[in-house]
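Encoded as structure tokens, the structure appears first; notes follow it.
Read-outs throughout are calculated quantities, based only on the coordinates presented, and are distinct from any laboratory measurement. In this text, all values refer to a predicted model and were calculated from it rather than measured experimentally. Every residue, glycine among them, receives a Cβ derived from its backbone with ideal geometry; neighbour counts consider all protein chains shown.
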Amino acid sequence: MKKTVLGGTVLNVSPIIFGGNVFGWTLNEKESFEMLDAIYKLGINCIDTADVYSRWVDGNSGGESEKIIGKWMKERGNRKDIILCTKVGMDIGQGGIDISEKHIKKSIDNSLNRLQTDCINLYYAHKDDEKTPPEETLGAFKDLIDERKVHYIGASNFSAKRLRESMMVSKENELPAYSVFQPEYNLIERTKFEGDIENVCKEFNLGVATYFSLASGLLTGKYTSEKDIENSSRTSYVKKHWNERTKKIISTVKDIAKNHRVSPAAVAISWVLHNPLMTVPIVSATKKEHLEAFKEAAILELTILEVETLNRASA
């Protein structure tokens, strides 16, 4: 377990958070239950989801992931053992990004009902709508905390300017502050965090939980050709990043993995874990055998030279 500070409280969080976007998408309910049982047995006690998962699938309207997780926790009777993270703000039918007070207060009750619980451990503003004043968003979160519907709050996909503004508004108005920031971050995509956002997280001592930590599977080594990409459920993301730089990064990851006799995925996750600014990576899996990489990453010790080699390859 990894001791993670959230809002001044130390929580025992597993070294990896499981990403629940696969539930109701690439895994049906039965498969999702099997995966949830497997990660629970492995000791992963933190699950990340969102109200919008998985609205992008034909026939889905959003909330499918939360429903599956809620049903699983209810049947297993293990809610008290789970650190539950979900998000609000993406378009689930309201017509656009929305972190207004009205939308947040409507959405929290819907999420709680789907998750069959009375409280969310960590509730994220999923994306900044850039029109709602931070005072309004944080005021809505304050009410949810006061009502004990939410323990802590986080932000994801904010600009550095808006994140810093939100943190200052919190400080100046005695409103709750974001404890965690969730950026896209991996060996292939570093620029969305490094630099301005990184500096804000340092300034306010924010925890950092990275999503797309395996770059939608690119860093697992399973893609070796354009034909592999065409057969992927994540074709658009993979195609966007498939270039000579990505191939170089994958080759470097594979070489280091071979030296340690571990999977490429373990090296990619371990690289995130070796970054002192990173609190914990969020990682998904669609097959139970993929979880072996999680175990490998948790104990893998990369050398300083290996970290520098990966940094150079992905610079």
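With an a/c value of 1.5 or above and a/b larger than b/c for the gyration tensor axes a ≥ b ≥ c computed over the alpha-carbon atoms, the range 212-305 is described as prolate.
Against the main long axis of the alpha-carbon atoms of the chain, helix 244-260 sits at an angle near 80°.
Relative to the dominant Cα principal axis of the chain, helix 134-146 is inclined by about 80°. Taking packing as the residue-averaged number of other Cβ atoms within 10 angstrom, the listed peptides 212-223, 30-41 run from highest to lowest as 212-223, 30-41. Largest first and in whole Å, the equivalent-ellipsoid semi-axes of the range 2-182 read 26, 19, 14, each the square root of five times a Cα gyration tensor eigenvalue. Centroid-to-centroid, using Cα positions, the range 56-133 and the range 157-223 are 20 Å apart. Between 0 and 90 degrees, the angle of helix 160-173 with respect to the longest Cα principal axis of the chain falls at about 40 degrees. Residues Arg148, Arg164, ranked from the fewest to the most other C-beta atoms within 10 Å, line up as Arg148, Arg164.
Taking other C-beta atoms within 10 Å as the exposure proxy, Asp81, Asp98 rank Asp81, Asp98 from fewest upward. Ordering Asn78, Thr286, Tyr185 by the projection of their Cα atoms onto the charge dipole of the chain, which places +1 on the Cβ of Lys and Arg and -1 on the Cβ of Asp and Glu, puts Thr286 at the extreme positive end. For Val169, neighbours were defined as the other residues whose beta-carbon sits under 12 Å from its Cβ, and their charges (Lys and Arg +1, Asp and Glu -1) total -1. Amide H contacts of Ile83 (H built 1.01 Å from N, in plane; Pro and chain starts excluded): Cys46, Ile47 sit under 5 Å, all sequence-distant by 5 or more or on other chains. Of Glu172, Glu184, the sequence from fewest to most neighbouring Cβ atoms within 10 angstrom is Glu172, Glu184. Computed from Cα atoms alone, the Kirkwood hydrodynamic radius reported for the chain is 19.9 Å. Entry note, the chain: the mean residue ellipticity at 222 nm calculated from DSSP H runs of n ≥ 4, each adding -39500 (n - 2.57), is -13000 deg cm²/dmol after division by the residues and rounding to the nearest 500.
The charge dipole of the range 2-182, taken about its Cα centre with unit charges on the Cβ of Lys, Arg, Asp and Glu (plus for the first two, minus for the last two), comes to roughly 460 debye.
Beta bridges per DSSP, both residues in the chain: antiparallel share near 15 percent.
With K and R counted +1 and D and E -1, the other residues having a Cβ less than 12 Å from that of Cys201 yield a net charge of -2.
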